[in-house]
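Student: I have a structure here, written as structure tokens, and I will follow up with some questions on it.
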Amino acid sequence: MLDLKQIRENPDVVQERLNRRNGNYDLSAIVQLDQQQRELEKTRSQLQARSNEIGKLVGQKMKSGSKPNDPEIQTLKDEGNQLKAQLSELEPQEKDLKAQIEAFVLTLPNLPSESTPIGKDETENVEVRRWGDEYKPTADGLLPHWEIGEKLGILNTERATKIAQSRFVTLIGAGAALERALIQFMLDRQIAAGYVEILPPFLINTQSLTATGQLPKFAEESFKCSDDDLWLAPTAEVPVTNFYRDEILSTTDLPIHHCAYTPCFRREAGSYGRDTRGLIRLHQFNKVELVKLVHPSQSEAEHQQLVQNAEAILQALQLPYRVIELCTGDLGFGAAKCYDLEVWLPAAGTYREISSCSNFGDFQARRGNIRFKEPGQKGTQFVHTLNGSGLAVGRTMAAVLENYQQPDGSVRLPEALQPYLRREVL
């Protein structure tokens, strides 16, 4: 959520930074609503002060011997009743204006960081670095991961479609074991890097999704339970960040680093016709997420470390990848700055996103009211929140199958995974 005070005091600056997103955002309506609300609040405060003053005057005069039916007392009471009637009309008007302002602010995306590259769309993202070119397979006739999985009998989409619908997959035997091994491997590595594991609820309420920015904008992307105020988690970012919603932390609590495995559920609305086969774009997939709550002064350094923690998984698995810094036109709704990690898929001859590491600044903390207090200082500040995949498990499996496929149709396992599966080859 953007700072309403910032919008009020510097609307042109906020408008200019929103325009970098290449969207259509007009702050004039919210500036007008805010002015109306503040004028109404001023009027209400004046009326309330006069009402309080009348109450005191009546009490003083009654103590001095005035009778309840004295003309002076009755005049004051009549004025007080008129004020109460006016206040009863103004209060719901002010409440309605505040609701309109909040609803409007919730639709506005985060302001891009000043260091985020300016660009119109993904074609203007900036490649930061590549790693692992020497590990790219060079053989001809490389198969896509879904064909490898089907030939090995470890992946089945037809029966998954029968059970559910398209964009679901069933893993069998060594495929299921490989998925579990990847999850455990990722958690072990991130715990060793200092993250504290959380296993959160997989069903979450509307307030939680609103706090992290999925609602109201991305309602169509999420699955909702029809009889409850519960949604299937689209990512562990939501429950883990909301673990601290409406709390005031101490600076001694910061930084907070969590990792969490959850299944993730997304409708992938608008993506039909893209990645219709395999493990890349599913309605249900597993992911290990990294979430940080940090002091604003450490925000940028913590972001860089988060990216490195995600990269470390790919490096340990010796999977070639590149790091992309997203431009303003491709930035996610809540992110101020974001780096995508894209893993190499040799069958397609391209890199595909496997982790998105975002710094939200205080955007989510404002929505979720997550604050901290400096010892000896008045007031509180909003924490900065960050998160990133560490990693998307299905996409990692796809990369392992394609990059480690052998001429005889088998798949050699990365050395880092072999202890988890007690085997070297699938």
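The values are calculated or read from the model by the stated rules, or taken from the named source; none is laboratory data. The model shown is predicted, which means the values in this text are computed figures rather than measured ones. A quick note on method: Cβ atoms are made from the backbone with ideal geometry, for glycine too, and the neighbour counts reach across all protein chains shown. In case anyone asks, the SASA skips ligands and DNA or RNA and just uses the protein heavy atoms, side chains included. Shrake-Rupley method; radii C 1.70, N 1.55, O 1.52, S 1.80 Å.
Student: According to a simple spin-label model (label point 7 Å from Cα along Cα-to-Cβ), what is the distance in nm between GLN46 and SER64?
Tutor: 2.7 nm
Student: Next up: If you take the square roots of the eigenvalues of the alpha-carbon gyration tensor of segment 127-228 and sort them as a ≥ b ≥ c, do you get rounded (a/c under 1.5), prolate (a/b over b/c) or oblate?
Tutor: Because a/c hits 1.5 or more and a/b fails to exceed b/c, segment 127-228 counts as oblate.
Student: Which order do the peptides 210-221, 360-371 come out in when sorted by mean C-beta neighbours inside 10 angstrom, highest first?
Tutor: Answer by packing, highest mean first, reads 360-371, 210-221.
Student: Related question: For LEU106, what charge total do you get from the other residues with a beta carbon under 12 Å from its beta carbon, if Lys and Arg give +1 and Asp and Glu give -1?
Tutor: Combined, the nearby Lys, Arg, Asp and Glu give +2.
Student: Now, a different point. Determine the distance separating the Cα centre of segment 111-156 from the Cα centre of segment 380-426; give it in Å without decimals.
Tutor: Each part's Cα centre sits 13 Å from the other's.
Student: Under 8 Å for C-alpha pairs, at least 6 residues apart: give me the relative contact order for segment 259-342, rounded to a whole percent.
Tutor: Relative contact order here is 22 percent.
Student: Would you mind calculating the gained length between TYR135 and THR107 on full extension (0.36 nm times residue separation, minus the Cα-Cα distance), in nm to one decimal?
Tutor: Fully extending the segment from TYR135 to THR107 adds 5.7 nm.
Student: Can you classify segment 315-397 as rounded, prolate or oblate using the Cα gyration tensor, where a ≥ b ≥ c are the square roots of its eigenvalues, rounded means a/c under 1.5, and otherwise it's prolate if a/b beats b/c and oblate if not?
Tutor: Prolate.
Student: Which entries in the list LYS98/LYS292; LYS42/LYS373; LYS136/LYS337; LYS56/LYS84; LYS224/LYS292 go over 21 Å, if you measure between the two C-alpha atoms of each?
Tutor: Result: LYS98/LYS292; LYS42/LYS373; LYS136/LYS337; LYS224/LYS292 exceed 21 Å.
Student: Once every DSSP H run of n ≥ 4 in the chain is given -39500 (n - 2.57) and the sum is divided by its residues, what mean residue ellipticity at 222 nm do you get, rounded to the nearest 500 deg cm²/dmol?
Tutor: -13000 deg cm²/dmol
Student: Taking 22 Å as R0, compute the FRET efficiency from the Cβ-Cβ separation of ARG422 and ALA192 and round it to 0.05.
Tutor: 0.60
Student: Enter the accessible area per residue of the chain (Å², integer; probe 1.4 Å; all protein chains in place).
Tutor: Value returned for the chain: 49 Å² of accessible area per residue.
Student: In what sequence, highest mean first, do 169-175, 49-55, 351-357, 64-70 appear when ranked by Cβ atoms within 10 angstrom?
Tutor: The packing order, highest mean first, is 351-357, 169-175, 49-55, 64-70.
Student: So, with a 1.4 angstrom probe, what is the percent of accessible area on the chain that is carbon and sulfur?
Tutor: 47 percent
Student: Now a separate question. What spacing in nm lies between the two simple spin-label points modelled at GLN32 and GLU91, each 7 Å away from Cα in the Cβ direction?
Tutor: Output for this residue pair reads 2.9 nm.
Student: Further question on the same structure: Can you give me the distance in nm between label points at LYS77 and LEU57, each placed 7 Å from the Cα along the Cα-to-Cβ direction?
Tutor: It works out to 1.6 nm between the two label points.
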